[in-house]
Amino acid sequence: MSDDHELAARLARRAGERLVELREESAAEPRALGDAGDAAAHQLLVEALAQERPADPVLSEHGVAGPERVAGERVWIVDPLDGTREFTEPGRADWAVHVALAERHEVIASAVALPAQGVVLDTGAPPKQPTRAIERPRIAVSRSRPPEFVTAIAAEIGADLVPMGSAGAKITAVVLGEVDAYLHGGGQYEWDSAAPVGIARAAGLHTSRLDGTELVYDRPDPWLPDLLVCRRELAVDLLAALSDRIEGSR
């Protein structure tokens, strides 16, 4: 039996390759292409996990597959297509496939494929962090609706905003050193962040809620209100700025 790190990476890569094929072959309009890609990648992941890890349930935006899910026990948390909008736009590469395994409320193995970039990151061999100094921090934000609080935080610490697509693309951009931080305050589901957060943690980055408390996965309710992923040398300044805003809003 392959280890869980290798399995996550292999399945993320396979699902990503399937999505690239669909994207290249399909003449469907964007909505139909996005739906077809999401369904195809979901089916591939669920069927593969049922074969290779039949005792483990699977949690995704499509619901739960396999055995009954018990919060805190082993569960695969997957997002078959993170960034559907970007997937349907020709030439865009900021979309991803997420495959994560959580147990005792922590991500213990995960992988993120960036199929249009030919990249797969995983917790078995996480990327080494850059050693360059941060002269002016770069913060990844939504390309269509940057949150106002992030704009204010960026102004306070002297950072630049870098618009990007999916949550997975933003977090992996921090892992790869393309940006220095990603803050999200509008709420997401566990499958939106579990896999990339697992890799960020394995790579030695700071990961937390916006108030500095731990990110907890595999809960009965898969909704996560907010998160912060950043280089460790930025964490103190970001958390201090966030704390001031949280206190000021009370």
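The values are calculated or read from the model by the stated rules, or taken from the named source; none is laboratory data. Please read all numbers here as calculations on a predicted model, not as lab measurements. Please note: Cβ atoms are built from the backbone with ideal geometry, for glycine as well, and neighbour counts cover all protein chains shown. For accessibility, only protein heavy atoms count, side chains too; no ligands or nucleic acids. Shrake-Rupley method; radii C 1.70, N 1.55, O 1.52, S 1.80 Å.
Sort out which residues of region 49-62 are open to solvent by 30 Å² or more (accessible area, probe 1.4 Å), closer than 27 Å to residue 221 by Cβ and either at pLDDT 95 or above or out of contact with any Phe, Trp or Tyr (no Cβ under 8 Å at 6 or more places or on another chain) (or both), and write them in order of number.
Passing the criteria: 50, 54, 55, 62.
Does residue 181 satisfy the condition of being small (Gly, Ala, Ser), in contact with a Leu (Cβ under 7 Å, 6 or more places away or on another chain) and either crowded, with 16+ Cβ neighbours inside 10 Å or closer than 17 Å to residue 128 by Cβ (or both)? Show your work before the answer.
On the way: small (Gly, Ala, Ser): yes; in contact with a Leu (Cβ under 7 Å, 6 or more places away or on another chain): yes; either crowded, with 16+ Cβ neighbours inside 10 Å or closer than 17 Å to residue 128 by Cβ (or both): yes.
So residue 181 fits the description; yes.
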**Request:** Hand me the list of strands (runs of 3 or more DSSP E) wholly inside region 151-250 holding 1 or more residues that are under 24 Å from residue 93 (Cα atoms) and in contact with a Phe, Trp or Tyr (Cβ under 9 Å, 6 or more places away or on another chain).
**Result:** 160-164, 181-184, 227-230
**Prompt:** If you take the residues of region 222-246 that are acidic (Asp, Glu) and open to solvent by 50 Å² or more (accessible area, probe 1.4 Å), which of them is farthest from residue 203 (Cα to Cα)?
**Reply:** 244
**Message:** If I filter region 21-34 for residues that are surrounded by 23 or more Cβ atoms within 10 Å (Cβ to Cβ), outside any loop (DSSP other than H, G, I, E, B) and either in contact with a Lys or Arg (Cβ under 9 Å, 6 or more places away or on another chain) or among the hydrophobic types (A, V, I, L, M, F, W, C) (or both), do I get at least one hit?
**Reply:** no
**Item:** Given (1) in a helix (DSSP H, G or I); (2) under 22 Å from residue 170 (Cα atoms); (3) open to solvent by 20 Å² or more (accessible area, probe 1.4 Å), index of the condition residue 16 fails
**Value:** (3)
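Aliphatic (A, V, I, L, M), closer than 21 Å to residue 65 by Cα and either surrounded by 18 or more Cβ atoms within 10 Å (Cβ to Cβ) or in contact with a Pro (Cβ under 8 Å, 6 or more places away or on another chain) (or both), is that true of residue 46? Before the answer, list the steps.
Working: aliphatic (A, V, I, L, M): yes; closer than 21 Å to residue 65 by Cα: yes; either surrounded by 18 or more Cβ atoms within 10 Å (Cβ to Cβ) or in contact with a Pro (Cβ under 8 Å, 6 or more places away or on another chain) (or both): yes.
Considered against the rule, which asks whether it is aliphatic (A, V, I, L, M), closer than 21 Å to residue 65 by Cα and either surrounded by 18 or more Cβ atoms within 10 Å (Cβ to Cβ) or in contact with a Pro (Cβ under 8 Å, 6 or more places away or on another chain) (or both), residue 46 comes out as yes.
Filter region 126-142 for residues that are in a loop (DSSP other than H, G, I, E, B) and either on the phi > 0 side of the Ramachandran plot or open to solvent by less than 70 Å² (accessible area, probe 1.4 Å) (or both) and give the result. It would help to see each step written out before you state the result.
Step one: list which residues in region 126-142 are in a loop (DSSP other than H, G, I, E, B), which gives 126-137.
126, 127, 129, 130, 134, 137, listed by residue number.
Tell me yes or no: at least one residue of region 98-120 is part of a helix (DSSP H, G or I), touching a residue at least 60 places away in the same chain (Cβ under 8 Å) and out of contact with any strand residue (DSSP E or B) (no Cβ under 7 Å at 6 or more places or on another chain). Give the steps one after another, and end with the answer.
Filtering region 98-120 for residues part of a helix (DSSP H, G or I) gives 115-117.
Checking which are touching a residue at least 60 places away in the same chain (Cβ under 8 Å) leaves us with 115-116.
From what's left, out of contact with any strand residue (DSSP E or B) (no Cβ under 7 Å at 6 or more places or on another chain): 116.
Checked region 98-120: at least one residue is part of a helix (DSSP H, G or I), touching a residue at least 60 places away in the same chain (Cβ under 8 Å) and out of contact with any strand residue (DSSP E or B) (no Cβ under 7 Å at 6 or more places or on another chain).
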**Item:** Every residue from region 91-125 that is hydrophobic (A, V, I, L, M, F, W, C), under 12 Å from residue 197 (Cβ atoms), open to solvent by less than 10 Å² (accessible area, probe 1.4 Å) and touching a Phe, Trp or Tyr at 6+ places or on another chain (Cβ under 9 Å)
**Value:** 100, 102
**Asked** Which residues, counting only those in region 61-72, are in contact with a strand residue (DSSP E or B) (Cβ under 7 Å, 6 or more places away or on another chain) and in a loop (DSSP other than H, G, I, E, B)?
**Response** 61, 66, 69
